[in-house]
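These notes are about the structure you will find just below.
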Amino acid sequence: QVQLVESGGGLVQPGGSLRLSCLASGMFFRIYAMGWYRQAPGKQRDLVATITSSGSTNYADSVKGRFTISRDNAKNTVYLQMNSLKPDDTAVYYCNGARGTTNYWGQGTQVTVSS
């Protein structure tokens, strides 16, 4: 079965950096658009960044210039490099794989930005 497993979350001070990873299995990774979403307590799940199968990227305005999404098809992994982190970035970050009407989600990884 398809599995998306996120890692790399944790506690970081404002201005710090983290790199999230999402390892996919059970799917033909390279043909899927991949993305990162986040959900803060009491809020809806929002898009952070996406990357198509051909490598085109898209970012939420709130993270442009600070976050970078990338993928390594040989490793079935998508990454999210997060720099200049702010307290407002605190959320559970979810990995998503999408193709047509098919969507797969990971279990999420907590990112907490606090001094």
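The values are calculated or read from the model by the stated rules, or taken from the named source; none is laboratory data. None of the values given here were measured: they were computed from a predicted structure. As a convention, Cβ positions derive from the backbone with ideal geometry for all residues, glycine included, and neighbour counts pool all protein chains shown. The protein model used for the area step is the full one, side chains on, heavy atoms only, and it has no ligands, DNA or RNA in it. Shrake-Rupley method; radii C 1.70, N 1.55, O 1.52, S 1.80 Å.
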Being on the phi < 0 side of the Ramachandran plot, surrounded by 14 or more Cβ atoms within 10 Å (Cβ to Cβ), without any contact (Cβ under 8 Å) to a residue 24 or more places away in the chain and polar (S, T, N, Q) narrows it down to one residue among T109, T52; which is it?
T52
Only residues in region 76-101 that are among the acidic types (D, E) count as the first member; pair them with residues that are not in a loop (DSSP other than H, G, I, E, B), Cβ under 6 angstrom, at least 6 apart or cross-chain, and list the lot.
D89/V113
I'm checking my understanding of the structure. Among residues of region 6-38 that are under 23 Å from P87 (Cβ atoms) and assigned to a loop (DSSP other than H, G, I, E, B), which one is least open to solvent (accessible area, probe 1.4 Å)?
G16
Taking region 73-115 and keeping only residues that are within 16 Å of the chain's Cα centre (by Cα), over 19 Å from K43 (Cα atoms) and part of a strand (DSSP E or B), one is left with T77, V78, Y79, L80, Q81, M82, G97, A98, N103, Y104
Answer yes or no as to whether T68 is under 18 Å from S17 (Cα atoms), open to solvent by 50 Å² or more (accessible area, probe 1.4 Å) and out of contact with any Cys (no Cβ under 6 Å at 6 or more places or on another chain).
yes
